[in-house]
């Protein structure tokens, strides 16, 4: 059984602060995707990481895939209210994505 | 480019009725996945289909649930004799291939409420 944990579960911060959320597993994965989901909507893909140690940047978001491909992190610089949402990591080995319960981020103006 | 389309967006059924959820994948995508999200829980994989084939149904409940992806038309997730516990958001995703490196793109979901 693959154990997938995302932390923290909840995060409330002020606009302009930096934050990091984590995705950890006991298993090695071929790839990992990060999604953001807003209430009433489907998950929207942010990034796919494939190579151990890979770092990808998307404006103020920095994603890193662990060297051993068992964990990942998402760092947001100078958070804005528009970053509010549920952040889901979804590792993948085969056809299906495995989702954690996510990190609920609230950014206050 | 149109994304993954799902309809209806909201569906209300009484206990014992049937629910049919439709998913049209992105253009050029022949792989479809269904996930279920119960209130306050993460998304759980249900089934993976290619055109006219079920590839992996390991997440499907054994009874009342079925899925198809015909040669023509959308993928259908069918729930027979719905019960209150079936109330959830059902998401469809599509990808161009089925490999671990192929990105899955999600639709907006169908929110099923069973009265």
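Things worth noting here:
- Shape parameters for the range A:50-109, alpha-carbon atoms, Rg then Dmax in Å: 12.9, 41
- Simple spin-label estimate for residue A:7 and residue B:113 in nanometres, 7 Å along Cα-Cβ: 3.8
- Choice from B:40, B:68, B:18 showing the highest fluctuation, given a GNM over chain B with Cα pairs closer than 10 Å: B:40
- For the range B:1-50 and the range A:79-109, distance of Cα centres in Å: 19
- Selected from A:31, A:73, A:12 as most flexible by GNM, with chain A as the system and alpha-carbon contacts under 10 Å: A:12
- Model label zone, residue A:14; criterion: amide N under 14 Å from point 7 Å along Cα-to-beta-carbon; scope the range A:95-109: A:107-109
- Of the residues B:20, B:36, B:64, the one that moves most in a GNM of chain B with alpha-carbon contacts below 10 Å is B:64.
- Taking label points 7 Å from Cα along the Cα-to-Cβ direction, residue A:108 and residue A:27 give a separation of 3.9 nm.
- Here the simple spin-label model places points 7 Å from the Cα toward Cβ, and for residue B:10 and residue A:94 these points are separated by 3.8 nm.
- Cα convex hull of the range B:1-111, projected area averaged across orientations, nm²: 6.8
- Here the gap between residue B:52 and residue B:87, fully extended at 0.36 nm per residue and compared with their Cα-Cα distance, gives a gain of 9.9 nm.
Laboratory data are not the source of any read-out in this text; all were calculated from the coordinates shown. Only a predicted model underlies this, so the values are computations on that prediction, with no experimental measurement involved. Every residue, glycine among them, receives a Cβ derived from its backbone with ideal geometry; neighbour counts consider all protein chains shown.
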